[in-house]
1. Pick out, in residue order, every one of the trypsin sites (Lys or Arg not before Pro) in the range 81-167 that is DSSP loop and has at most 10 other C-beta atoms within 10 Å; say none if there are none.
2. When ligands, DNA and RNA are left out and all protein chains stay put, how many square angstrom of accessible area per residue does the range 235-307 have with a 1.4 Å probe?
3. Checking the table Lys163/Lys262; Lys265/Lys321; Lys100/Lys365; Lys100/Lys240; Lys213/Lys368; Lys104/Lys171 against a 26 Å threshold on Cα-Cα, which pairs fail?
4. Got a number for the accessible area of His276? Probe 1.4 Å, square angstrom, nearest 10.
5. What dipole magnitude, in Debye to the nearest 20, does the range 174-263 give about its Cα centre under +1 on Lys/Arg Cβ and -1 on Asp/Glu Cβ?
6. For the range 216-327, take the convex hull of the Cα atoms, compute a quarter of its surface area, and give me that in nm², please.
7. Please work out the Cα center distance from the range 339-373 to the range 268-302, rounded to the nearest Å.
8. Tell me, what % of the accessible area of the range 258-322 is carbon and sulfur with a 1.4 angstrom probe?
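The values are calculated or read from the model by the stated rules, or taken from the named source; none is laboratory data. In this text the structure is predicted, and so the values were computed from the model without any measurement. Neighbour counts run over all protein chains shown; Cβ positions are idealised from the backbone, glycine included. Note: areas computed on protein heavy atoms with side chains; ligands, DNA, RNA excluded. Shrake-Rupley method; radii C 1.70, N 1.55, O 1.52, S 1.80 Å.
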Amino acid sequence: MGDYDNSTMRIRGKKPTGTQMVRADKVRMRWSRGVKTRRGHHGMKKGGAGVDLRHPFDRTAAGPPLAVNMAASSTLSAIHKVAIFGGTHGNELSGVLLVKHWLKHGGEITKPGMEVRPFIANPKAVEKCVRYIDTDLNRVFDSESLSNDRTGKIPYEITQAQKINSLFGPKGSKDAYDVILDLHNTTAHMGATLILENSRDNFTIQMCNYIQKSMAPEHCPVLLIEHPGVKYTTTRSIAKHSIGIEVGPQPQGVIRADILHKMRKVVKYALDFMNHFNEGTAFPSCSIEVYSVLEKIDYPRNNIGDLSAIIHPSLQDQDWKPLNPGDPMFISLDGKVTCYEGENTVYPTFVNEAAYYEKTQAFAKTEKVTLSAQSIQSVTLGSGEPPASLSTVF
């Protein structure tokens with residue numbers, strides 16, 4: 001991976017609060033003026049504690065999109081090993097059906113010079129049409145779970161994670177698969193969403209840019225879940241480059257033709273991008289707008305932990321739409337409305353996601369961020385030089 005050596009991240013607005021310099025090799029933050037904020041539950045200044053996923057610097061205080069600028073260009077090795085995971089959650093059926101189809105009829109995903117391997121990630125959960133058997137497979141790819149040193153009864157998904165890591169990893173090694181596309185469904189009104197875990201991965205940002213342009217005019221948002229305090233334990237995190245493909249709305253245990261078609265298109269364009277890259281196509285530097293997770297917001301609850309309010313009708317199905325200070329978020333059965341009391345506009349997503357009730361999450365707050373990637377081109381194996389004949393896209 002040819003990640004850039006350094007980048008500049010600036011908070012921009014009418015009255016910027018400071019400038020952060022972030023180096024890719026050693027994350028360093030330098031403030032020209034400090035920011036201190038205090039936020040609680042639901043983005044309000046007072047109330048119970050929410051789960052804060054903001055960066056150590058408070059980007060919400062700054063207003064308009066953060067910009068991440070990269071160096072000029074990068075040469076990367078060709079892509080040879082690609083996996084497509086379906087059934088990481090056994091009741092998200094679009095990916096399950098597509099992977100089962102490709103296991104029997106692989107011509108659709110065959111690309112010259114690439115091994116493209118469809119794989120059912122959680123077969124027992126798929127068989128029972130449930131999200132998981134013992135624990136969420138998409139949360140257990142941490143070093144402790146992947147270690148063979150565990151004793152006693154081991155949850156099924158951890159055993160499966162170890163198997164997946166041995167087949168497609170090991171995580172963090174040179175032998176790990178080049179790319180994993182992880183197929184998911186959501187009950188939220190998110191459309192065809194790309195989930196990005198690394199804001200410094202030129203290749204993946206370029207792939208997102210290619211997919212977005214190929215999907216146009218259909219909205220294809222990118223959700224950035226990167227956070228300095230979080231180690232990524234998703235199923236796909238074992239690959240050198242990874243994208244989660246989250247398509248909805250679709251109920252759990254149900255297949256909708258329109259949702260499956262969107263997912264199939266995203267996979268096609270992702271594979272097309274990799275094929276063009278391997279053939280020597282030069283991808284010029286690009287910038288994309290992404291939605292960066294700030295905070296997970298829980299439902300209002302009573303003193304025994306039960307829900308005391310639900311998603312307000314004006315917020316339901318409004319993923320990626322602006323949530324402004326004063327806008328309704330929740331409504332109780334007696335009609336009491338809880339409004340957003342944050343200082344800045346945010347963009348909710350995973351609104352009323354069925355799978356997240358157990359995770360105490362009503363929706364995630366995001367802000368718009370601009371990521372800029374280097375131009376990239378592949379290196380011919382053994383020569384150390386890019387192909388002699390290059391074409392350019394976009």
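1. Filter output for the range 81-167: Lys153.
2. For the range 235-307, the solvent-accessible area averages 36 Å² per residue.
3. Check vs 26 Å cut-off fails for Lys163/Lys262; Lys100/Lys365; Lys104/Lys171.
4. Here the accessible area works out near 60 Å².
5. The dipole of the range 174-263 has a size of about 60 debye.
6. 11.5
7. 17
8. In the range 258-322, the share of accessible area belonging to carbon and sulfur is 49 percent.
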